[in-house]
1. Which condition number does residue 70 fail, the rest of (1) crowded, with 20+ Cβ neighbours inside 10 Å; (2) out of contact with any helix residue (DSSP H, G or I) (no Cβ under 9 Å at 6 or more places or on another chain); (3) under 21 Å from residue 135 (Cα atoms) being met?
2. Return the only residue of 213, 193, 145 being among the aliphatic types (A, V, I, L, M), surrounded by fewer than 19 Cβ atoms within 10 Å (Cβ to Cβ) and either at negative phi or part of a loop (DSSP other than H, G, I, E, B) (or both).
3. Checking the conditions here, which among 87, 75 is in a strand (DSSP E or B) and either charged (D, E, K, R) or closer than 30 Å to residue 15 by Cβ (or both)?
4. Looking only at the range 317-347, count how many residues are of a type in the set (D, E, K, R), touching a strand residue (DSSP E or B) at 6+ places or on another chain (Cβ under 6 Å) and under 29 Å from residue 236 (Cα atoms).
5. Among the listed residues 388, 322, 369, identify the single one that is more than 30 Å from residue 457 (Cβ to Cβ) and surrounded by fewer than 15 Cβ atoms within 10 Å (Cβ to Cβ).
6. How about the range 496-526: which of its residues are under 56 Å from the mean Cα position of the chain (by Cα) and on the phi > 0 side of the Ramachandran plot?
7. Restricting to the range 175-190, name every residue that is at pLDDT below 90 and assigned to a strand (DSSP E or B).
Amino acid sequence: MPFINRFTTTVPGAVTFTGNTLGLSPTSPAPGNIFGTLAVFTTVNTALQVPGFPAGTTDEWQLNSSSAILNLPAGSSVLYAELVWAGTFRTDTEDVLPFLNDNITFTTPTGTFSVTPDPATAQQGSVGNQFYYARSANVTNLVSAGGAGTYTTGAVPAARTSADPTISRSAGWTLEVVYQNASLPLRNLSVYAGQEIIDASSPPVDATISGFATPATGAVTGRVLVTAQEGDSNIVGDQLRFGPNANATVALFGPRNPANNFFQSQICNDSGNLDTSGTFGDLNQPLGVALAVRRQGWDITNVDASSSLINNQTSATVRFVTNGDGYAAAGFGVQIDATGPIINPVKSVNRTVAGVGDTLTYTITVPNTGTGSAENVVLRDSIPNGTTFVAGSVTVGGVTQPNANPANGINLGTIPNNTQRIVTFQVRITSFPNPNPISNRAMVSYQFRPFVGSPPITSMSSSNTVQTTVNQVTISMQKSVDLQTATLNDVLTYTVNVTNNGNVAANNVIFVDSIPAGTTFVTNSVTVNGVSRPGANPANSINIGSINASQTTVVRFQVRVTSNPLVNPIPNRASATFNFTPVPGQQPVSGQATSNTVFTTINIADIRTRKTVDRA
């Protein structure tokens, strides 16, 4: 019977198989069969124990069960899950055929459920005196809700006993999971269920699978997952071959699956190495040798199949070969890495330091270093804060695009592999940006068809971030006076904090402060940062030198109230001029600042006398 394609998709993600056997090998070898058969069932109920076997064993298939761990990377979403179970349904002493379509138990991290086999994948058959069956069911909803964790399957029908030592018995289960994860490569992912029975003395059995796809160009890399029953570690000659057709198959192999003894009752993880996490995970058959009381009769593995894949492939021949070891495959998976365009934009800017009023030219190189064309390529680039787009400045490949604006998207069409597009545009710095430096990167969206016949996939990549520091000086002046009211001959002390709120030094700072009417400047009262400036007078301007970024220079001086002012209270404010160099080597830029106004009320008594006489 063929394998049936149960699910296929193309997403960033992977296929993973997990599961376990439901039986252990005998305590003593059967004549002519050594330990290559199931003797007791396993169970997660450790209160049950068959004499001579470890706790957690039973003779009744209705009580059998085993657990396995489903490992999923953080951030994964389960897209599809197929539960496969299989076993020997008839021997010379037992027949469980009437029970093959009964529900089995399936325990997830969220609870225990009864699972009904899907008739579409139900298969059974025989070769000689070996009778095998396989059943499966779509359990996507249960696994999606359960996520990563421990899964247990039980009540799987299977025959355990036989008076004929040449009849091997086996039982087990596998959970086939397709999941999406943004951190993984884009892949074509397919899983299959069904059954292929291979007699110990039969010629190779070929099964054709379809529904998957390989890239049209470039190297093809992928992995094959398979699960089977009744593989024996001590019997050689069994192979799993894979290829585009019956005339071009390649023998697959992995760490626990030698090319000439592929099925050895090995439960493996996604790297093809032994998975010891499930029930009786510490009791495993060694390669090439069958031992007593070991996990027996069930294989799960994941191996590299790159050497057997070609471009434009949508089907494959799966060839099961044997030379003495009979077995039955029950499930299959294919994971193909996508190839296509690789777009990694590179951005540069002509100035890393600039000033307000300068023009920045951005250059974005959009190379395609992959193996296929990128279609419908669109570059988008937001205009940074503090800048204005220069209309008509966009060029593509040196050709001006008069109506293009990167904020709205620039259509670059198709970029074949090993070619590139170069885009330039300009912005003008119109104000001091917040934050500073100006940071900018470009985003490029594009479409491609990763596999033969697949719909287009939209992808996006971002350029590196470029920065331009805008050098600017912003001077603030905070003025205060020590007296809000005064009288004649009082001395007023003015304090002005001159702060550079910019990011470069303010040079040649000239401080000016007119002496208020009604007052007289106190000679030699000027201090700058506490240091006296003899002879300085703010009315004549004072050069207070340079003020570094984020630094403050404090200027103080005094005046004496000498007359009743015409304007009362007395107002006063200071101002300053300065220059700075936004870009080293360029001409300096001038600026000015003004302080707040402070007031002092002058209280002066105005005594006038008037003489009168009581008699004329």
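The values are calculated or read from the model by the stated rules, or taken from the named source; none is laboratory data. From a predicted model like this one, the values you see are computed outputs, not experimental measurements. Here the Cβ is made from the backbone with ideal geometry for all residues, glycine too, and neighbour counts use every protein chain on show.
1. (2)
2. The unique qualifying residue is 145.
3. The match here is 87.
4. Result for the range 317-347: 1.
5. Going through 388, 322, 369 in turn, just one is more than 30 Å from residue 457 (Cβ to Cβ) and surrounded by fewer than 15 Cβ atoms within 10 Å (Cβ to Cβ): 388.
6. Correct list: 508 only.
7. Passing the criteria: only 186.
Results for (1) in contact (Cβ under 8 Å) with a residue 40 or more places away in the chain; (2) surrounded by fewer than 16 Cβ atoms within 10 Å (Cβ to Cβ); (3) assigned by TED's automatic domain parsing to the domain that holds residue 584; (4) out of contact with any Leu (no Cβ under 9 Å at 6 or more places or on another chain), shown as yes or no for each residue.
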site: 503; (1), (2), (3), (4): yes, no, yes, yes
site: 509; (1), (2), (3), (4): yes, no, yes, yes
site: 528; (1), (2), (3), (4): no, no, yes, yes
site: 534; (1), (2), (3), (4): no, yes, yes, yes
site: 550; (1), (2), (3), (4): yes, yes, yes, yes
